[in-house]
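Report on the following structure.
Every number in this text was worked out from the coordinates using simple rules, so none of it is lab data. Fair warning: this is a prediction, and the values are worked out from it, not measured in the lab. Note that each Cβ is placed from the backbone with ideal geometry, even for glycine, and that neighbours are counted across all protein chains shown.
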Amino acid sequence: MAELPEHLQKRAAEARAKATGVPAAAPASAAAAPAVAAGGPGRDLDAESSRYGVPKSLLERAMYARARKDGVAVPVLVGAGVASGQAPAAAPAAAAATPAASGPPPGVRTQRLLTVVKAGAIQGTTKEPADKVNVWPHLLAIEFVALLAMLAFLTLLSAFVDAPLLEFANFNEQPNPSKAPWYFLGLQELLAYFDPMVAGILIPTFGMIALAVVPYVDRNPSTRPTDRKLAITIFTVFFVGAAVLTIFGSFFRGPGFNFTFPWRDGIFFDDLLTILE
Amino acid sequence: MADGNGRTSLKEAVSGLGDHLRGSQVWTSIFRPGSPMRADGGDSPRNRAYVVMNNVLYHLHPVKVKRHGVKLSYTLCLGGLSFFLFILLTITGIFLMFYYRPTSPQAYFDIQALATDVAFGQLVRNMHRWGAHVMVLTVFLHMSRVFYHGAYKPPREFNWVVGIILLVLTLLLSFTGYLLPWDQLALWAVTVGTNMGGYAPVFGGQVSFALIGGVQITADTLLRWYTLHVLFLPFIITIFMAVHFWRVRKDGGISGPL
């Protein structure tokens with residue numbers, strides 16, 4: 001047992017005395033000697049526990065059980081103290097000498113059967129086992145087919161449509177219109193409405209930041225579409241908006257980046273032009 | 001092994017050679033246990049698991065996935081196709097590097113020579129360009145698919161952020177490649193794009209200067225963007241892809257079902 005400071009032991013003894021109604025006699029060490037004298041030969045459970053390798057609590061329980069069965073007094077304990085906090089180390093010897101027949105001796109907890117819990121797994125499982133299939137061959141076969149389909153599509157497209165190559169780069173002759181690559185044409189379209197700093201810097205920067213923080217802003221744990229109407233609506237507006245701006249910038253902007261109809265004035269979008277021709 | 005004559009037939013000799021080869025130390029050292037290429041690699045549940053587990057593939061896929069995950073309609077293979085396009089663009093890009101010099105005016109003539117002097121040069125260049133366009137599309141659509149499935153929710157929040165970084169890197173890779181043909185289309189598309197960088201608040205001038213390596217686009221810009229395109233950005237995107245794929249597995253595999 002760990003060494004407790006004396007003032008704490010004293011305070012504990014006082015509290016115990018107040019609870020049990022028996023006046024506290026003295027610190028544990030002082031009480032041990034008269035206890036032995038009153039109860040006959042004492043038992044040192046700590047020593048027995050270390051000698052036989054049996055937990056002290058079991059020895060203690062067996063001791064009380066034997067005493068109750070035989071109707072004799074519980075042997076007085078010696079040593080550093082008695083195991084559980086309820087067992088009165090400093091209690092007067094009279095308590096230990098009380099015959100067991102009148103009730104459970106001190107230090108013994110009685111238990112009642114409240115319910116029977118069915119035997120189950122030791123480790124609780126939180127989710128149902130999922131329906132799973134082997135990656136090989138089921139998933140790898142699908143991926144391989146998708147890969148081949150994409151390769152075939154690109155090879156065929158490349159066999160029939162050449163990538164555009166215009167005249168040599170000329171710093172003195174700007175083509176009209178000059179268009180960015182198609183994935184930036186949505187931004188170029190915004191340039192027609194906003195200041196370049198807003199359309200070219202602020203909107204794309206904040207757009208990307210807004211996308212990145214989506215998981216930290218959307219606290220809704222559900223993934224069911226019916227629970228996510230707002231999130232889906234916002235994203236769809238973003239998606240359709242980006243698509244409309246890109247298509248508008250690609251097809252409906254002609255010389256001077258002015259409005260045009262592709263079916264009237266032709267297409268001003270070089271990469272697609274080579275595919276259509 | 002012997003037929004009725006007591007001799008070994010040709011068929012038996014050939015199949016015996018095959019068995020001998022597949023049992024050899026070299027063969028078994030190449031194909032790890034469970035591989036269908038091995039003599040003991042027959043189809044069994046144990047070997048199906050080993051095909052993935054005993055393979056570098058284990059970095060990408062678990063042994064088993066949820067059944068809904070293999071449905072084509074769930075993922076449309078968009079993430080996998082983006083990765084495949086990256087590999088295809090790397091292969092075709094390395095091919096193009098053999099014939100391309102990032103200087104003016106050689107860059108333009110090298111691109112022209114691909115069509116006339118190099119076997120399959122035009123085909124490979126076409127695949128590189130169209131593949132790049134398709135990759136921008138598949139990456140964007142992959143992001144949309146993930147959003148509509150709510151697959152960015154815990155514990156996958158950070159992998160979504162990595163995905164956004166990958167989207168930006170994909171756009172940058174495509175944009176830096178756009179200048180390299182050094183024709184009118186390349187020059188002026190990049191001029192329009194980089195002019196926007198100059199409008200960045202406070203340090204816009206410096207951004208523009210660092211981006212094009214001068215006050216206006218020159219042959220120096222070509223070299224700079226070439227290095228970004230073939231080395232710097234692929235290096236960065238590969239690191240983020242590794243993290244992305246690793247997190248897909250660590251965060252519990254594919255999301256859903258809905």
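Results, tabulated for the structure shown:
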{"read-out": "Per-residue ³J(HN,Hα) for segment B:49-60, Karplus 6.51 cos²θ - 1.76 cosθ + 1.60, θ = phi - 60°, Hz, x for Gly and Pro", "value": "5, 5, 3, 7, 5, 8, 9, 4, 4, 4, 6, 9"}
{"read-out": "Stokes-Einstein diffusion coefficient of chain B, Kirkwood radius over Cα pairs, 10 °C, 1.306 mPa s, in µm²/s", "value": "71"}
{"read-out": "Rg over Rh [alpha-carbon atoms, Kirkwood Rh] for the protein assembly as shown", "value": "1.27"}
{"read-out": "Residue-averaged beta-carbon neighbours from other chains (10 angstrom radius) around B:14-27", "value": "0"}
{"read-out": "Computed over chain B: relative contact order in percent, which uses C-alpha pairs under 8 Å that are six or more apart", "value": "18"}
{"read-out": "Exposed trypsin sites (Lys or Arg not before Pro) absent: longest stretch of chain B, with sites in DSSP loops and at most 15 other Cβ within 10 Å deemed exposed", "value": "B:72-258"}
{"read-out": "Length-normalised contact order for segment B:14-59 - Cα pairs under 8 Å, 6+ apart - percent", "value": "27"}
{"read-out": "Amide proton proximity set for A:Arg43, modelled H, under 5 Å, gap of 5+", "value": "A:Val76, A:Leu77, A:Val78"}
{"read-out": "Cut-off 9 Å between beta-carbons: net charge of the residues surrounding A:Val133, Lys and Arg +1, Asp and Glu -1", "value": "+3"}
{"read-out": "Within segment A:113-191, GluC sites (Glu not before Pro) in DSSP loop having at most 15 other beta-carbon neighbours inside 10 Å", "value": "A:Glu167, A:Glu173"}
{"read-out": "Whole-angstrom gap from segment A:102-123 to segment B:12-44, using each part's C-alpha centre", "value": "62"}
{"read-out": "Between helix B:10-22 and chain B: long-axis angle, C-alpha atoms, 0 to 90°, nearest 10", "value": "60"}
{"read-out": "Violating pairs (Cα-Cα greater than 20 angstrom) within the set B:Lys66/B:Lys250; A:Lys18/A:Lys56; A:Lys229/B:Lys66", "value": "A:Lys18/A:Lys56; A:Lys229/B:Lys66"}
{"read-out": "GNM top mover of B:Leu169, B:Leu233, B:Leu211 - chain B, alpha-carbon springs below 10 Å", "value": "B:Leu211"}
{"read-out": "0 to 90° range, to nearest 10: angle between helix B:106-116 axis and chain B longest Cα axis", "value": "40"}
{"read-out": "Within segment B:105-154, chymotrypsin sites (Phe, Trp or Tyr not before Pro) in DSSP loop having at most 14 other beta-carbon neighbours inside 10 Å", "value": "B:Phe120"}
{"read-out": "Long-range HN-HN contacts of B:Lys64 with modeled amide H, under 5 Å", "value": "A:Val135"}
{"read-out": "Most mobile of B:Pro102, B:Pro201, B:Pro36 in a GNM of chain B (Cα contacts under 10 Å)", "value": "B:Pro201"}
{"read-out": "Loop-located trypsin sites (Lys or Arg not before Pro) in segment A:195-277 whose Cβ has at most 15 other Cβ within 10 Å (DSSP)", "value": "A:Arg219"}
{"read-out": "For residues of A:140-150, the mean tally of beta carbons on other chains within 10 Å", "value": "5"}
{"read-out": "Hits among aspartates and glutamates - C-alpha to C-alpha of A:Lys69 under 20 Å, sequence gap 8 or more where chains match", "value": "A:Glu60"}
